[in-house]
Amino acid sequence: MRASQPIPGSEWPNDMALTIDDAPHLTFLLFVRSAWRLEVGSVPALESEPDVGSSAKPLFPDDEAISARWVSEWERAWKQFERLETGIGAPDVETQRMLDTLTDEELSAAMSTAPSKFWEVGIDQDAFNAWRMTLLDDHQHPFDQQPERRSLPALIDAWKSGLTTIIQLPYAGYFGDRINREHLVVSAAARRNPELFGLALRQ
C-alpha cells in the first residue's frame, strides 16, 4: 500500500510503502497441523480450526518423528523473511558442501523455504484454498477502516524504524513479534484491534 502522490487531508505519508503478507507457506503448514492433528505446542493455537474437508493423516509408524519434521520445515519456512546481508562473500562450509555434492534439483529443494511435497499427501487442497481465502478479509472493510489506517500514528513510527512487511497469521488472541527490522508478525485478531495492533507496532 502506497500513495503515488500526497492525498489532500490524508495523514498517510505518500512515500510510505508496506506489504501485508499472509505467508502462504506458513499458513499451509498450519493447515497441515490441524488436518493431521499434529502435537506441536511450540507454535500458537489457531483462532479457529479450519474445515479440513477430506484431508486425512496417512498412517505413519512414528507420529513423534512426523511432528519433529513439521517443526523443522516450519523453522525453515521462516528463512524467507531473514534479512539479506549486502555484499557477496564466500559461501559458508555447509553451503559449499551442498554446491559441491548436490544436483541442481537437490540444491533447489535444499535451499527452498516452501513446504516439501511430503505434506501434500492426504491434504484436501480445495479445503486449504477455501480456508486461506477466509483469512484474506481486508477487502471486507471500508477504506478508512483498514487496520493500518486505524493505527496510523504507530504504523508511521514503525515504518520510520524500518518496517516494510506485516505478516498476518491466524493465531488465537494477541500475538505480535518484530522478528527483525523489516518484518512484524501479528495475529489476525491483533491486527483487527487498533489498541492491540498499536501495541504490536510499537515493539
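May I ask you to verify whether residue 17 is surrounded by 13 or more Cβ atoms within 10 Å (Cβ to Cβ), modelled with pLDDT under 95 and assigned to a loop (DSSP other than H, G, I, E, B)?
no
The rows are residues; the columns are (1) surrounded by 10 or more Cβ atoms within 10 Å (Cβ to Cβ); (2) within 13 Å of residue 32 (Cβ to Cβ); (3) modelled with pLDDT under 90.
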{"position": "44", "(1), (2), (3)": "yes, no, no"}
{"position": "48", "(1), (2), (3)": "yes, no, no"}
{"position": "57", "(1), (2), (3)": "yes, yes, yes"}
{"position": "62", "(1), (2), (3)": "no, no, yes"}
{"position": "66", "(1), (2), (3)": "yes, yes, no"}
{"position": "74", "(1), (2), (3)": "yes, yes, no"}
{"position": "78", "(1), (2), (3)": "yes, no, no"}
{"position": "89", "(1), (2), (3)": "no, no, yes"}
{"position": "94", "(1), (2), (3)": "no, no, yes"}
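Restricting attention to segment 192-201, does a residue exist that is closer than 18 Å to residue 30 by Cα and either at pLDDT below 95 or not charged (D, E, K, R) (or both)? Reasoning before the result, please.
Our first condition is that a residue be closer than 18 Å to residue 30 by Cα; within segment 192-201, this holds for none.
No, that holds for no residue.
When segment 41-65 is examined, which residues are found to be in a loop (DSSP other than H, G, I, E, B) and among the acidic types (Asp, Glu)? Spell out the reasoning first.
Just the residues of segment 41-65 that are in a loop (DSSP other than H, G, I, E, B), to begin with: 41-45, 47-62.
Hits for segment 41-65 are 47, 49, 51, 62.
Could you tell me whether residue 41 is without any contact (Cβ under 8 Å) to a residue 12 or more places away in the chain, over 19 Å from residue 116 (Cβ atoms) and not β-branched (Val, Ile, Thr)?
Answer is yes for this residue.
Looking only at residues in segment 12-32 that are under 15 Å from the mean Cα position of the chain (by Cα) and not hydrophobic (A, V, I, L, M, F, W, C), which one is nearest to residue 151 (Cα to Cα)?
19
Scan segment 125-132 and give yes if some residue there is among the acidic types (Asp, Glu) and modelled with pLDDT under 95, otherwise no.
No.
The values are calculated or read from the model by the stated rules, or taken from the named source; none is laboratory data. All of these numbers come straight from a predicted model, not from anything done at the bench. Here the Cβ is made from the backbone with ideal geometry for all residues, glycine too, and neighbour counts use every protein chain on show.
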